[in-house]
Amino acid sequence: MKSSLVQVPGRPSPLNIILKSFFASLMLAAVFLVTACSEDSSTPVTKSQDAAVSASSDLDSSNDAVSVSFDLVLRLDPGSSGLSNQSLGEDTRRTEGVQSDQLLDRVKESFSGDLDRIRERRFLRVLVSYGRTNFFFDAGMPRGFEYDLLMEYEKELNASVSALEDRIKLIFVPVPFDQLLDKLASGQGDVAAAGLTITPQRRLRVDFTKPYLKGVDEVIVGRKDAQILSSLEDLSGHTVVARKGSSYVAHLKALSQHLSSKGLAPINISLAEEKLSTEDILEMVDAGMIDLAIADKHLATIWSAMLKKIRIYPDLAVHEGGEIAWAIRQGNPQLLESLNQFVDKNRKGSLLGNILFTRYYKKNRWITNPLSAKDQERLRNMRNLFEVYGQKYGIDWLKLVAQAYQESRLDQSVVSTAGAVGVMQLLPSTAADKNVGIDDISSIENNIHAGAKYMAFLREHYFDDPQIDPAARMDFAWASYNAGPNRIRRLRSLAKERGFDPDRWFGNVEVMAAEKIGRETVDYVRNINKYFVAYKMYFNTQQL
């Protein structure tokens with residue numbers, strides 16, 4: 001037998017090809033390591049950034065477009081593999097890049113065909129909205145109730161397909177919630193799966209499958225250690241927190257007017273900002289930050305498995321009988337029939353439905369109550385410093401307090417394993433950097449001063465675009481405090497490429513952070529906002 005390494009005239013020797021591929025792989029690895037190690041090297045580093053870097057499996061998001069495209073190659077081309085791609089020559093990698101770009105373009109292009117046409121394309125696009133229950137990322141992998149249920153649908157779609165290359169793959173496309181139906185109707189997705197309630201207004205624009213959740217009641221949720229409510233009339237004169245822009249608000253207003261018509265005190269409806277999800281609000285009830293809230297019963301039931309201190313009042317339904325389903329474009333009867341057959345087998349109550357309904361967040365890091373007696377005493381002792389340096393750098397002092405609570409629970413004695421110090425958890429080298437220039441952060445005043453000044457530097461130096469809302473600038477600054485400003489700027493660029501708003505963190509750049517960094521940064525910004533809401537509500541009614 002002739003050796004496979006014999007050179008053919010006019011062609012590179014196979015040995016040379018192998019060696020070139022080997023060294024190309026080494027170079028790629030070296031570039032990755034250098035980039036990862038030099039992340040934000042010109043910018044001071046905090047303890048949060050150190051934690052985020054160590055927890056991240058994707059330290060450099062400059063190749064985000066490639067990773068997205070390559071993910072599509074893996075999903076759409078069963079013969080491709082990550083290992084073989086690493087050993088490809090430059091020309092072949094360039095060809096693969098073109099092919100993956102073409103695949104990405106195919107996913108993004110407008111298409112309105114029914115299931116027969118979808119089978120020809122070999123992929124079905126599912127529009128999802130990033131959240132804490134239905135669709136989220138964990139260690140870079142998509143997770144959630146909607147995700148798992150629809151992956152089971154993929155299996156059913158391909159059950160009778162023998163050839164691997166003929167199977168349909170589901171591609172999940174995260175989009176802002178308020179764009180779901182617009183993108184579906186315009187052909188940028190085939191199914192919308194985001195816990196959508198069936199309403200007459202939505203039926204005018206899209207078709208709905210059979211509901212996979214029926215009897216969705218909006219119920220009151222309180223705490224187990226509070227006085228038990230026996231009727232809706234017991235809500236008279238109480239404050240109930242509801243997410244701004246949700247159907248909960250209109251239903252609470254109707255109930256409040258009904259109570260007033262009976263001569264009872266109205267309900268004080270407190271609107272939580274839209275950036276906070278209903279799940280966030282339930283977590284705040286569990287932590288003792290708020291007393292009463294309103295939520296869908298099934299959602300409260302899911303979370304009560306983890307949030308042990310909440311009490312659900314199933315008999316105190318503010319609104320009854322909602323139905324949740326998937327949406328598809330009008331005029332796709334084949335797809336509608338296929339999805340309906342699947343829903344009949346797998347709606348809540350079936351074995352699969354019950355398994356998927358209770359799977360997530362058992363390892364979650366829950367918030368604590370910043371208004372406990374011990375934490376109030378700490379804040380009382382340093383409130384003046386937060387006010388002084390908040391005013392000096394144009395930052396709401398309660399936002400600084402919320403950040404400090406997330407970092408250290410207002411404990412100046414805390415020193416991280418990375419050497420971050422005090423209330424604001426700054427490294428001494430960060431405080432001494434020319435952009436901050438404050439020595440000896442072992443004192444509470446210098447520590448708070450350095451943290452406030454560094455936040456102002458991040459906000460003004462990296463996120464000074466006039467089109468960014470002031471609140472969003474703080475969200476981006478917090479994310480940068482945790483993960484590094486250059487990384488967050490790259491995520492903004494990626495968000496724009498993916499059709500998200502690069503000037504908004506929640507529901508937009510946040511989604512990219514969850515996918516590329518993980519939950520560390522997402523939880524960090526979200527928790528600070530929850531603490532800020534708690535402090536703001538407290539100071540509206542109390543004096544510390």
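The values are calculated or read from the model by the stated rules, or taken from the named source; none is laboratory data. Everything quoted here is computed from the prediction, not taken from an experiment. Neighbour counts are summed over all protein chains in view; Cβ atoms, including those assigned to glycine, are modelled from backbone coordinates with ideal geometry.
Quick check on my filter: what residues within the range 467-519 are basic (Lys, Arg), in contact (Cβ under 8 Å) with a residue 12 or more places away in the chain and within 16 Å of residue 179 (Cα to Cα)?
Hits for the range 467-519 are 498, 504.
All but one of (1) out of contact with any helix residue (DSSP H, G or I) (no Cβ under 7 Å at 6 or more places or on another chain); (2) surrounded by 15 or more Cβ atoms within 10 Å (Cβ to Cβ) hold for residue 194, so report the exception by its number.
(1)
Considering each of 342, 357 in turn, give the residue that is crowded, with 19+ Cβ neighbours inside 10 Å, within 16 Å of residue 213 (Cβ to Cβ) and at pLDDT below 55.
357
Could you please let me know if residue 260 is over 19 Å from residue 537 (Cβ atoms) and touching a residue at least 24 places away in the same chain (Cβ under 8 Å)?
For residue 260, the condition - over 19 Å from residue 537 (Cβ atoms) and touching a residue at least 24 places away in the same chain (Cβ under 8 Å) - is not met.
Of the numbered conditions (1) modelled with pLDDT of 95 or more; (2) more than 16 Å from residue 531 (Cα to Cα), residue 395 satisfies every one except a single condition; which is it?
Only one criterion in (1) modelled with pLDDT of 95 or more; (2) more than 16 Å from residue 531 (Cα to Cα) is unmet by residue 395, namely (2).
Condition (residue is under 13 Å from residue 294 (Cα atoms) and hydroxyl-bearing (Ser, Thr, Tyr)) applied to the range 217-235: is it met by at least one residue?
No, because not a single residue in the range 217-235 is under 13 Å from residue 294 (Cα atoms) and hydroxyl-bearing (Ser, Thr, Tyr).
Here are 210, 183, 224, 169: which of them is touching a strand residue (DSSP E or B) at 6+ places or on another chain (Cβ under 9 Å), touching a residue at least 40 places away in the same chain (Cβ under 8 Å), in the same structural domain as residue 306 (by TED's automatic domain parsing) and charged (D, E, K, R)?
Answer to the check: 224.
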